[in-house]
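Remarks on the structure that follows.
The values are calculated or read from the model by the stated rules, or taken from the named source; none is laboratory data. Computed from a predicted structure; not experimentally measured. FYI the Cβ positions are ideal-geometry reconstructions off the backbone, even for glycines, and counts take in every protein chain you see. Heads up: the accessible areas ignore ligands, DNA and RNA and are worked out on the full protein's heavy atoms, side chains in. Shrake-Rupley method; radii C 1.70, N 1.55, O 1.52, S 1.80 Å.
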Amino acid sequence: MRRLFLAATAAAGFAALSPGVRLIELARAGLGTKLGVKLDDAVDASPVTAKSRWGMLIDAAKCADCDACVTACNEEHGLTKTGRPQTDAQWIRKVTLEDNHTGNITSLPMLCQHCENPPCVDVCPTGASFKREDGIVLVDKHTCIGCRYCVLACPYQARSFVHENLREQKPWSPRGKGTVEGCTLCVHRVDKKETPACVAACHRDGNGAMVFGDLNDSQSELATNLKSAHSEQVRADLNLNTGVRYKNI
Amino acid sequence: MKIVSGKTFRAVTLPSVALRIVALPLVALLGFALLLLLLGGGVVNADVSLPNLPRGKGTSCVAPTEMMRKNHMDYLLHQRDLTVRNGVRTERYSLVGCVQCHVQKNDHGNFIAVDAPGQFCQSCHDFASVKLDCFECHATKPDANTEHMSEHIPAHMPAQPTAGSEQ
């Protein structure tokens, strides 16, 4: 009896630790059996990897008075205004800067910068604020407790807290009272190989100031633009390695 | 000391046997039965009717009904992490898909929120007295512009899931 037990345990251990067998796959197989289905049945059911890192380049010289990006974002995610701007949700906003000495005015859109070292992720007590493998920084609203530490921590004031009961949310953008939200880089669109709503609107209705792409792909329009012209991060001194870069600010 | 005379007493008499072996267990059994009856095992109150759910679209759900009834909360909890954290989005296992199939329309042709009283989710949740908090964040109706998607059950998604043993 004992010998049988020892032999069985050794065999199981050998199988589990042998190369090529990952425990996560065993677990998923177990879940598949429990659900009675094959889990990877859809076209793209594999998890995202760090192969891509999504980012943006914004040319502030082209922005001027246009706010097509703001309008598009609000519409895409159902961010209705309640007339109380201090507590309304704000995922992207236009920031206007005036040089004190020269009087030169620059306008640029400010949104979540999708940092490589995000302070919001560092401070989150529950792990709800997280960075996905492909660089997009998100809030898992199932886990968010609404403490608003990330709202405080973000140097770009990218996050907003939802104060009111919401109905009529967009199906692709769940939002709820008591959680914190912010720019998702339109992850629901990016996962379908589309561009974020702000970038699309900038091209369609605006001045073509925004370029979206894969920072890791040296052939992409974004990477070639970043390589050829000087660009900077807002608050570069914080060493966050943002995914959103600006030109001409 | 030897007992020379006197009455002897038998320890095992007929009444004592009757008490120990027959009467006491019988009384205990009867008492237990009475207790069970009083606690009322399994009698449904006649005032509460079983939920009568509107039927969803298509021939069947993404898993057999009994499995869904018992486990849908576990599937949802597991799938939401796969989707939010890992970006795994499948047509079959999406809350948007659930809503699209199970939502009903009113007389004017407008969608009724899927968590409204009498609708799909709320009927059972009312009956079971379990708070439904998914829809504090998630949309209760399909987007009007993508409504047509609900009629389309994709060719690659079988009506019944494949057997677990294939895994």
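General observations
- Number of the exception - B:CYS101 against (1) under 27 Å from the mean Cα position of the chain (by Cα); (2) within 11 Å of another protein chain (Cβ to nearest Cβ); (3) at pLDDT 75 or above; (4) within 28 Å of A:LYS192 (Cα to Cα): (2)
- Among the residues of segment A:171-199, the ones that are among the acidic types (Asp, Glu) and open to solvent by 10 Å² or more (accessible area, probe 1.4 Å) come to 2 in all.
- Flag if A:THR96 is open to solvent by 10 Å² or more (accessible area, probe 1.4 Å) and within 13 Å of another protein chain (Cβ to nearest Cβ): no
- The lone exception for A:GLU98 - which of (1) farther than 22 Å from A:VAL162 by Cβ; (2) modelled with pLDDT of 95 or more; (3) not hydroxyl-bearing (Ser, Thr, Tyr) it fails: (2)
- Looking only at segment B:83-123, residues that are of a type outside the set (Val, Ile, Thr), closer than 25 Å to A:ASP134 by Cα and open to solvent by 40 Å² or more (accessible area, probe 1.4 Å) come to 6 in all.
- Residue match in segment A:239-246 (condition: within 14 Å of chain B (Cβ to nearest Cβ) and aromatic (Phe, Trp, Tyr)): no
- Every residue from segment A:187-211 that is touching a residue at least 60 places away in the same chain (Cβ under 8 Å), within 15 Å of A:VAL48 (Cα to Cα) and not charged (D, E, K, R): A:VAL190
- Restricted to segment A:102-114, and to residues there that are in contact (Cβ under 8 Å) with a residue 12 or more places away in the chain and farther than 17 Å from A:GLU181 by Cβ, the residue that is nearest to the other protein chains (Cβ to nearest Cβ) is A:PRO109.
- Of the criteria (1) in a helix (DSSP H, G or I); (2) within 17 Å of A:LYS94 (Cα to Cα); (3) among the hydrophobic types (A, V, I, L, M, F, W, C), which one A:CYS150 fails: (2)
- Matching option when the condition is within 11 Å of another protein chain (Cβ to nearest Cβ), open to solvent by 40 Å² or more (accessible area, probe 1.4 Å) and not in a loop (DSSP other than H, G, I, E, B), among B:ARG69, B:ARG80: B:ARG80
- Residues satisfying the stated conditions in segment B:51-66, i.e. open to solvent by 60 Å² or more (accessible area, probe 1.4 Å) and within 11 Å of chain A (Cβ to nearest Cβ): B:GLU66
- Selected residue [within 18 Å of A:VAL234 (Cβ to Cβ), touching a helix residue (DSSP H, G or I) at 6+ places or on another chain (Cβ under 8 Å) and either more than 9 Å from every other protein chain (Cβ to nearest Cβ) or open to solvent by 10 Å² or more (accessible area, probe 1.4 Å) (or both)] from A:PRO119, A:PRO125: A:PRO119
- Here A:TYR149 fulfils each of the conditions (1) under 17 Å from the mean Cα position of the chain (by Cα); (2) crowded, with 18+ Cβ neighbours inside 10 Å; (3) over 22 Å from A:CYS66 (Cα atoms) apart from (1).
- Pick from segment A:183-205, criterion in a loop (DSSP other than H, G, I, E, B) and on the phi < 0 side of the Ramachandran plot, ranking: nearest to the other protein chains (Cβ to nearest Cβ): A:ASP191
So that you can scan it fast, the table gives a plain yes or no per residue for (1) at pLDDT 85 or above; (2) in a strand (DSSP E or B); (3) closer than 30 Å to A:ASP205 by Cα:
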site	(1), (2), (3)
A:PHE5	no, no, no
A:GLY20	no, no, no
A:LYS34	no, no, no
A:VAL48	yes, no, no
A:SER52	yes, no, yes
A:MET56	yes, yes, yes
A:THR80	yes, no, yes
A:GLN90	yes, no, yes
A:THR106	yes, yes, yes
